[in-house]
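The values are calculated or read from the model by the stated rules, or taken from the named source; none is laboratory data. Note that the structure is a prediction, hence the values are computed from the model and not measured. Counting neighbours? That spans all protein chains shown, and the Cβs are built from the backbone with ideal geometry, glycine included. Ligands, DNA and RNA are excluded from the accessible area calculation, which covers all protein heavy atoms including side chains. Shrake-Rupley method; radii C 1.70, N 1.55, O 1.52, S 1.80 Å.
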Amino acid sequence: MKTRILTAAVGAPLTISALFASVYYPFVLTVVLLFLCLVGIHEALKTAGADKVKITYIPCFVYGAAVLLAPYISDKVQMFGFIMFASMIFLFAMFGILLKMHSVLRIETVCTSMILTMFVALPFMVVEFIAHSLGSNTAGGILLVLFCLGVAWYADAGAYFIGRAFGKHKMAPVLSPKKTVEGAVGGFVISMIISLGSAYIYADLLGYRPGGINYLNMTIITAICILMSMFGDISFSTVKRQYGIKDFGTLLPGHGGVLDRFDSVLFVCPTFYMLNYVLPVLR
């Protein structure tokens, strides 16, 4: 546990520093996300067994980089067209590799690699969308990103500590034996309290009057995002369970790899981005 806490104590300030540096230098966010994306893709390919055929890294890494750079295309129609084009080329390239290397590469490995690569790259791209969702108000967009990260990580930390202290009833004994019902409930409550409290503070930092934030919508979105963070956590636990591994990587001591730390974030950010269109949090 000491290693886990120490890594969090170092990682949290670095994350916050990188986010706030992005207010003045937007490329910082892109560089950080690109690094996390490529490491996450590497972890996914290694998990699927595709790392044994190194050529699979080329289309996966190129696709990840292309998707992360797509938001720099100012015209949204062209941007989404580019993403669709990149996705199709990626699929064609992966099946081309399968045809060439069919004696050592199985279809299950290729399909798993494609799904996980896209599921890593596209949500990280959505983080950039959130960061620029308020137009010229870059600081506001970065705070929304920080809010999304907080929702996921507060729930995870709350579930971890409450589960260790009071957990008795297993939530998913086969898929993730350490997760408990008590931990899940505790994580939900803690994340709701801290996230909504943070939203009030963010509103003050951004200069919004209390009436400028739709707290009903914020509460609904936060609750759904917390549930999605738990869904993401258990989903990636299922992947690890099926492949017989404890962690996706070792980049973050005590936490595992990028996918171990950002699994819930990959579910929360797209959920927040979509729900914010239906239930806007800013009046």
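Table for the structure above
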| quantity | calculated |
| --- | --- |
| Residues of the stretch 91-132 that turn out to be within 16 Å of CYS37 (Cα to Cα) and of a type outside the set (Ser, Thr, Tyr), as a count | 15 |
| Within the stretch 41-95, considering residues that are not small (Gly, Ala, Ser) and not in a helix (DSSP H, G or I), the one farthest from GLU128 (Cα to Cα) | VAL53 |
| Count of residues meeting criterion [more than 16 Å from ALA157 (Cβ to Cβ) and surrounded by 17 or more Cβ atoms within 10 Å (Cβ to Cβ)] in the stretch 248-257 | 4 |
| Residue match in the stretch 166-182 (condition: closer than 20 Å to PHE129 by Cβ, open to solvent by less than 50 Å² (accessible area, probe 1.4 Å) and either of a type in the set (A, V, I, L, M) or more than 23 Å from the chain's Cα centre (by Cα) (or both)) | no |
| The lone exception for PHE95 - which of (1) closer than 21 Å to GLY232 by Cβ; (2) of a type outside the set (Ser, Thr, Tyr); (3) open to solvent by 20 Å² or more (accessible area, probe 1.4 Å) it fails | (1) |
| Cβ-Cβ under 7 Å pairs, at least 6 apart or on other chains, the stretch 12-32 side of a type outside the set (A, V, I, L, M, F, W, C), far side open to solvent by 30 Å² or more (accessible area, probe 1.4 Å) | SER22/VAL28; PRO26/THR138 |
| Lone qualifier among TYR273, TYR243, TYR277 - being touching a Cys at 6+ places or on another chain (Cβ under 9 Å), modelled with pLDDT of 85 or more, open to solvent by 40 Å² or more (accessible area, probe 1.4 Å) and not hydrophobic (A, V, I, L, M, F, W, C) | TYR273 |
| Matching residues in the stretch 96-134 - criterion: being outside any helix (DSSP H, G or I) and either within 16 Å of ILE73 (Cα to Cα) or among the aromatic types (Phe, Trp, Tyr) (or both) | HIS132, SER133 |
| Positions within the stretch 202-233 being modelled with pLDDT of 80 or more, open to solvent by 70 Å² or more (accessible area, probe 1.4 Å) and more than 24 Å from PRO123 (Cβ to Cβ), in sequence order | LEU216 |
| Residue count, the stretch 84-143 (criterion: of a type in the set (Ser, Thr, Tyr) and without any contact (Cβ under 8 Å) to a residue 60 or more places away in the chain) | 3 |
